[in-house]
Amino acid sequence: MTRFAVNHTALDTAAQSLPDQVAVLGEARRHLTARTLSTNAFANVPGSQHAQAGHLGNIQAGEENLRVSSGRLSGMIDGIKASNAAVRRWDAQKAAEIKKLNPDLVVPVLNGGAGSSIAERNSASRARIELARDAAEEEMRKLQGSVGPVNREAEIQQLREKIAAYDEILNSNTQILSFDGDGRMVALVGKLDADTRSVAVLVPGMNTGVEDFARYTETVGSYTQADTSGRTASVLWMNGDFPQGLIQASGAGASQEMAPRLADFVNNDLRPQLGEDAKVTVIGHSYGGAIVGLADAAGMRADNVVHVASAGMGSGVTELTNPYPENRYSVTMERDPIQWAQGRAHGPDPDDFPGVIPLPSSRDNDGWFLPDVGSHSSILAPGTDSWNDINSVVNGSIHNSQVLH
């Protein structure tokens with residue numbers, strides 16, 4: 001039997017670097033055909049027309065060779081990506097089959113955990129997403145073919161939406177750092193390396209699921225897009241079972257379960273990939289604020305913590321004990337109904353907590369008000385005053401002296 005080994009990391013690296021060579025070939029084609037010689041370039045002497053025709057033929061032949069080479073190189077890139085994805089998909093599928101037979105068995109999988117290359121982790125995670133999509137599609141087909149008195153259309157519609165979400169993720173350029181079959185995932189916009197200056201980590205709130213991937217990556221990715229130097233990365237952290245609905249969100253169980261995982265991600269996964277001077281800002285929105293607050297209390301090594309329309313500092317938090325964050329900020333809109341929940345199940349109100357500084361756009365309201373439900377989400381919208389304040393924290397242009405009301 002013939003055996004072979006595949007260096008997936010090397011192939012992933014090649015697939016990432018080869019597009020630069022395609023661009024070089026494209027630029028060469030552009031320069032080659034950018035200028036044409038005038039009709040009298042070869043002078044009006046015997047044989048000049050023949051020389052001119054030969055020159056033009058050489059240019060055309062050279063341009064054609066570059067075009068063909070560029071096409072072949074693009075095909076190689078597609079082949080490398082497809083092959084690597086296929087092997088990882090097969091490996092993940094077999095691991096899932098073995099796990100199904102023996103749930104307690106720890107099955108090694110071709111994946112990239114913390115310490116693996118971004119490209120390897122992205123490829124492995126996407127293979128898992130494809131499996132999850134296939135499983136959802138199979139479940140939907142079974143429901144569509146079921147016969148009985150129970151109307152399954154609501155379940156079928158949920159699966160349709162989940163499949164569409166998986167497709168959206170697979171068709172995106174966002175790098176997926178981790179994904180498990182339950183929809184927990186961590187996504188990256190931008191790059192993480194020694195040259196990265198700032199990292200924004202967004203932890204969203206209740207009702208979060210894979211269907212929210214596109215809007216949240218767009219939101220957190222706006223901090224990366226705002227940095228013209230290309231040295232800001234953004235991370236969407238939704239690596240947990242977020243509460244679905246107000247009843248679940250009124251309990252602290254999910255935040256207590258997810259907070260240690262968030263702290264571990266920042267301390268042992270994110271930090272080791274960055275230079276010493278890089279600044280990490282962790283942003284908790286709504287229920288995500290309670291998660292971030294408890295991660296902070298657990299020793300999360302963030303430089304900045306921002307509570308955005310936060311549910312609270314975290315259940316059981318009574319004081320700031322973590323020495324790592326240089327600054328902690330809060331921002332809440334004047335008529336956001338989240339204020340009715342602050343100071344209850346999820347700990348103290350960040351807007352009034354000692355050591356947490358309200359950002360200039362924050363308009364915390366301690367009295368009666370007519371609620372504006374939309375303001376709870378629009379507070380994160382790019383271009384708003386609140387977004388500008390948060391972005392100033394991310395890029396380091398805001399200081400404590402500037403945010404005092």
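The values are calculated or read from the model by the stated rules, or taken from the named source; none is laboratory data. Every value quoted in this text rests on a predicted model; they were computed, and no experiment measured them. Neighbour counts are summed over all protein chains in view; Cβ atoms, including those assigned to glycine, are modelled from backbone coordinates with ideal geometry.
The table below lists the values:
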quantity: Tally of residues being surrounded by 18 or more Cβ atoms within 10 Å (Cβ to Cβ) and more than 19 Å from residue 361 (Cβ to Cβ) across region 312-336; calculated: 6
quantity: Whichever residue in region 239-249 is in contact with a helix residue (DSSP H, G or I) (Cβ under 9 Å, 6 or more places away or on another chain) and not in a loop (DSSP other than H, G, I, E, B) and, among such residues, is surrounded by the most Cβ atoms within 10 Å (Cβ to Cβ); calculated: 249
quantity: Residue in region 342-384 that is nearest to the chain's Cα centre (by Cα), counting only those that are polar (S, T, N, Q), closer than 19 Å to residue 220 by Cβ and part of a loop (DSSP other than H, G, I, E, B); calculated: 384
quantity: Those residues of region 163-191 which are touching a helix residue (DSSP H, G or I) at 6+ places or on another chain (Cβ under 6 Å), in a loop (DSSP other than H, G, I, E, B) and farther than 22 Å from residue 382 by Cβ, in sequence order; calculated: 181, 183
quantity: Pairs with Cβ under 6 Å, 6+ apart, first in region 135-162 and farther than 22 Å from residue 209 by Cβ, second at pLDDT 90 or above; calculated: none
quantity: Sole residue being surrounded by fewer than 16 Cβ atoms within 10 Å (Cβ to Cβ) and at pLDDT below 80, chosen from 92, 114; calculated: 114
quantity: Neighbours by Cβ (under 9 Å, 6+ apart or cross-chain): first from region 250-278, part of a helix (DSSP H, G or I); second among the acidic types (Asp, Glu); calculated: 254/241; 257/241; 258/241; 259/296; 263/296; 273/193
quantity: Test: residue in region 192-204 that is more than 14 Å from residue 380 (Cβ to Cβ) and part of a strand (DSSP E or B); calculated: yes
